[in-house]
Amino acid sequence: MKNKSSLTSWETGRAVGLRETLTASMGGRGEYFEAAAKVTITTTTLITPKMSAVAIDLTIPAAPAGYSKPSASGKPSAPKELEVYPAGPSYISYARRELLQMSFAEDDEAESSARAAKAAAKAAEDGEQLYPGLGEEQEDKALLASDPKEWKKQDHYAILGLGHLRYTANDDQIKIAHRRKVLRHHPDKKADHDDGFFKCIQKAFDQLTNPERRRQFDSVDWNISDAVPNPKTVPADKYCEVFGPIFVREGRFSNIQPVAEFGGPDASKAEVEGFYDFWYNFDSWRSFEWHDKEVNEGSESRDDKRYTEKKNKSERTRMKKEDNARLRELVDSVLANDPRIKRIKEEEKAARLAKKKGGAANGAAKPKPLTPAEKKKLEEQKKKEEAERKAAEAEANKASKADREAAKKAKEAARKNLKKWKKAVATAIANSNYFQAAGSAPSAAVIEKQLAELDAIVELSEPEAIKGLKEKVEAAGTGEPVKEVLKAQVAALGDKGAGKFTEFA
């Protein structure tokens, strides 16, 4: 398969190089023929898309003095024909230039552009080009000196450089700011390897990427002021401008989104009434778990844990009540001084007067003035109706008060029996060997867990429900039937018990 005419200059050079290499290698091993001879080597190359055969004239030099022919060690193996496949970056570059008809300079320029575009795409994917400057500002000395042990007192948004965004920061901004902070403040990049601020960064990231913990922090974010100006001192033309952002700030706690907007000075009556209706029925998710006190370190007493949890719950309830009262007072004061209410009333009054004047112009008869006797009779009738109304209200209040007292007494009686009912259920659980296999003793952890979940059931249920639970448990006896009764009670709690039970879930 000889085709010398189709050889390129590159292939010819390759053939010459092969001849020189073969000559050198044979001389190195001393493998010579007895006499000079001409050897023809036929090779098939696929370095190019063409198939070609190359004939090489190779003259073997004479053997050196003292050379002796080695003894035969066997028959040489039969020649084999093997296929050679092109591969490697050099061939790919060559094929690209051939197919696209490009010079070396053009190919190099195209490759450089492609690599730059790929690097830019990867940088964009990694977020390097997103939010420029985020997390790269210089921290003040007070922030850098933050104590990681006092993480509940630190400003997590400021630690990550998100102080200007706070609760509006999205997940991507938090991740990018964290990555940039870590690259700048890693202990390995500091001469003294101080990791205090680095730990603060990690703690802030952990808190803000956990939806529940972030909500707890946002609920008590002390860097967002709850201060409100006195509505009486705000000018009418600045009223909407001042109080609009305040209600946007408060609206971040709403379970219903989007919140009703304050509107402008020319808002219609329907818009104003809709706004105040929304805020008088405001449904807030704000909680105060962030201020919960931890159980004393090292304490394993269940009573200590219950006492601390009870105190925390009581304190959260108190703060929630105070926050609701604060918001209600805000809405009341803003409504009482809202200049739009005055404008709406004046417009309605003007409309009534216009309607009245229009009726008089159409010849409507004027009402006949009352005589003194008629006036006196009318006043007496009004007084009588007012007295009857007050008597009916007093009777209704008396009846409702009696009902409330009866309900209160029933509730107190149920509360007194609550411990007794709870003890009966706990006894049934103990008699069931804490639902462990027969002959095996329950571990302290299992006992603690089941009794803690029983406490949670009692806390989340009404006293009458615990009374019914006690009766069902006694009827069930012991073992798995008792456990099924407890599971049914947990299921009846619905959302209140979500995520709080494992043994009786």
With label points built 7 Å along Cα→Cβ from the Cα atoms of ASN431 and ALA120, find their separation and express it in nm.
-> 7.9 nm
Just how much of GLU294 is accessible, in Å², when a 1.4 Å probe is used and the result is rounded to the nearest 10?
-> 130 Å²
Surface accessible to a 1.4 Å probe, LYS408 within the full protein complex, Å² | 120 Å²
Inter-probe distance in nm under a simple model that places probes 7 Å from Cα toward Cβ, at VAL220 and ALA424 = 4.0 nm
Qualifying chymotrypsin sites (Phe, Trp or Tyr not before Pro) for the range 156-230 [loop in DSSP, other Cβ within 10 Å: at most 11] | TRP222
How much length, in nm to one decimal, is gained on full extension between GLU386 and ASN417, taken as 0.36 nm per residue of separation minus their Cα-Cα distance?
-> 6.5 nm
Largest first, how would ARG96, ARG286 line up by accessible area (1.4 Å probe)?
-> ARG96, ARG286
Full-extension gain in nm, ALA488 to LYS75, via 0.36 nm per residue minus C-alpha separation = 139.7 nm
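How much length is gained on full extension from LEU335 to LEU143, taking 0.36 nm per residue of separation minus their Cα-Cα distance?
Values: separation 192, 0.36 × 192 = 69.12 nm, distance 4.11 nm.
Length difference between fully extended and current span is 65.0 nm.
Among LYS181/LYS320; LYS305/LYS487; LYS118/LYS153; LYS153/LYS419; LYS175/LYS487, which pairs are too far apart, with a Cα-Cα distance over 32 Å? Walk me through the numbers on the way to the answer.
Details: LYS181/LYS320 35 Å; LYS305/LYS487 24 Å; LYS118/LYS153 44 Å; LYS153/LYS419 39 Å; LYS175/LYS487 40 Å.
Table pairs above 32 Å Cα-Cα are LYS181/LYS320; LYS118/LYS153; LYS153/LYS419; LYS175/LYS487.
How would you classify the range 410-497 from its alpha-carbon gyration tensor, with a ≥ b ≥ c the square roots of the eigenvalues: rounded for a/c under 1.5, else prolate if a/b is greater than b/c, otherwise oblate?
On the way: a/c = 1.82, a/b = 1.66, b/c = 1.10.
Because a/c hits 1.5 or more and a/b exceeds b/c, the range 410-497 counts as prolate.
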Measuring from centroid to centroid over Cα atoms, what is the spacing of the range 449-505 and the range 150-166 in Å?
-> 41 Å
Could you state the number of Å between the C-alpha centres of the range 174-219 and the range 273-345?
-> 29 Å
Pairwise FRET efficiency - GLU374 versus GLU289, Cβ, R0 = 51 Å, nearest 0.05 | 0.15
Charge tally for neighbours of LEU100 with beta carbon under 12 Å away, counting Lys, Arg as +1 and Asp, Glu as -1, is -2
Probe 1.4 Å - accessible area at SER103, Å² to nearest ten = 50 Å²
Could you name the aspartates and glutamates whose alpha carbon sits less than 16 Å from that of LYS382, not counting residues in the same chain fewer than 8 places away?
-> GLU374
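The values are calculated or read from the model by the stated rules, or taken from the named source; none is laboratory data. These numbers were taken from a predicted model, which means no experiment stands behind them. Ideal geometry is used to build each Cβ from the backbone, glycine not excepted, and the neighbour counts take in all protein chains shown. Just so you know, the surface numbers come from the protein's heavy atoms only, side chains and all, with ligands and any DNA or RNA stripped out. Shrake-Rupley method; radii C 1.70, N 1.55, O 1.52, S 1.80 Å.
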